[in-house]
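Q: One structure, pasted below without further comment.
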Amino acid sequence: MISRQEAIQLLKENVKSENMLKHSYASEAVLRAMAKYLEENEDEWGIAGLLHDIDVEITNADPKKHGPAAANILKNKVTDEMLDAIVMHNEMATGLERTTVFQHALAAGETITGLITAVTLVYPDKKIASIKTKSVTKRMKQKAFAASVKRENILECEKIGIPINEFAELSINAMKGVSEVLGL
């Protein structure tokens with residue numbers, strides 16, 4: 001498996017958008033927190049969080065190409081389990097159902113970072129430090145709660161035994177740790 005440093009270098013070679021890089025760092029933090037919570041491999045899950053959207057720019061986020069293109073970039077660089085989770089984080093890319101804890105976790109973890117970021121954008125005076133679990137779960141219940149954030153993906157957390165309120169709190173706290181890097 002590649003190191004975090006190698007993952008960051010590979011990410012920066014393939015992703016130029018500052019917002020996408022920030023999303024990757026936020027996803028890394030949330031996945032590490034989830035791995036710790038579930039007693040899984042923090043480094044492997046964190047690196048998956050970093051690299052899950054490595055192909056988003058080259059595929060123009062095309063849901064049919066997003067995921068499989070990442071597999072081509074990451075083949076022989078990461079574990080098979082990580083590669084499967086990265087491909088499966090966007091189920092539209094494969095049409096397959098997620099089956100492993102890692103797959104459910106990556107889908108939920110990377111998606112909630114978008115929702116938390118959206119909450120800070122809706123309330124520009126807010127920073128991650130002031131976001132409350134209740135505000136995130138409230139936004140999640142709204143129909144159009146954030147562009148490109150699928151409620152179903154966030155609910156993947158419940159499939160691995162993390163109630164939504166605990167998951168929101170865990171994710172907010174994880175993102176607080178990288179809020180400076182995120183500029184939020």
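Readers should treat all values here as calculations from the given coordinates under stated rules, not as data from a laboratory. None of these values were measured; they are calculated from a predicted model. Glycine also receives a Cβ, built like all others from the backbone with ideal geometry; neighbour counts cover every protein chain displayed.
Q: Please name which of ILE73, VAL149, LEU51 has its Cα lying farthest along the dipole of the range 4-179 towards the positive end, using unit charges on Cβ (Lys, Arg +1; Asp, Glu -1) and the Cα centre as origin.
A: Working it through, the farthest residue towards the positive pole turns out to be VAL149.
Q: On to the next question. Using Cβ counts within 10 Å as a stand-in for footprinting exposure, how do SER130, SER171 rank, fewest first?
A: Values: SER130 12, SER171 30.
Starting with the residue having the fewest Cβ neighbours, the order is SER130, SER171.
Q: Take VAL87, VAL30 and order them by how many other Cβ atoms sit within 10 Å, fewest up front. Write out the running numbers ahead of the final one.
A: Working: VAL87 23, VAL30 31.
Listed from fewest to most nearby Cβ atoms, that is VAL87, VAL30.
Q: Evaluate the charge dipole of the chain about its Cα centre and quote only its size in Debye, nearest 20, assuming +1 on the Cβ of each Lys and Arg and -1 on the Cβ of each Asp and Glu. Mind dumping the intermediate values first?
A: Values: 23 positive and 26 negative charges, 181 e Å.
With only Lys, Arg, Asp and Glu charged at Cβ, the dipole is about 860 debye.
Q: Quick one, could you list the DSSP H helices from the chain stretching 24 Å or more along their long axis (Cα atoms) with average Kyte-Doolittle hydropathy of 1.0 or above?
A: Details: long enough: 18-38 (30 Å, -0.17); 101-122 (31 Å, 1.33).
Span-like helices, by this rule, are 101-122.
Q: Once you place label points 7 Å from the Cα toward the Cβ at ASN72 and GLU57, how far apart are they in nm?
A: 1.7 nm
Q: Run through the range 23-117 and list the trypsin sites (Lys or Arg not before Pro) located in a DSSP loop whose Cβ has at most 13 other Cβ atoms within 10 Å.
A: Details: sites: ARG32, LYS36, LYS64, LYS65, LYS75, LYS77, ARG98; in loops: LYS64, LYS65, LYS75, LYS77, ARG98.
Sparse-neighbourhood loop trypsin sites (Lys or Arg not before Pro): LYS64, LYS75.
Q: Continuing with this model, one more query. Between their Cα atoms, which of LYS16/LYS141; LYS64/LYS141; LYS127/LYS159; LYS64/LYS138; LYS12/LYS77; LYS134/LYS159 are more than 23 Å away from each other? Intermediate values should be presented prior to the final figure.
A: Values: LYS16/LYS141 32 Å; LYS64/LYS141 27 Å; LYS127/LYS159 29 Å; LYS64/LYS138 31 Å; LYS12/LYS77 16 Å; LYS134/LYS159 21 Å.
Check vs 23 Å cut-off fails for LYS16/LYS141; LYS64/LYS141; LYS127/LYS159; LYS64/LYS138.
Q: Ranking LEU83, LEU38 by Cβ neighbours within 10 Å, fewest first, what do you get? Numbers along the way, then the final one.
A: Numbers: LEU83 19, LEU38 16.
Sorted ascending by nearby Cβ count, the order is LEU38, LEU83.
Q: Filter the GluC sites (Glu not before Pro) in the range 30-106 down to the DSSP loop ones having no more than 15 other Cβ atoms within 10 Å, then list what survives.
A: Working: sites: GLU39, GLU40, GLU42, GLU44, GLU57, GLU81, GLU91, GLU97; in loops: GLU39, GLU40, GLU57, GLU97.
Filter output for the range 30-106: GLU39, GLU57, GLU97.
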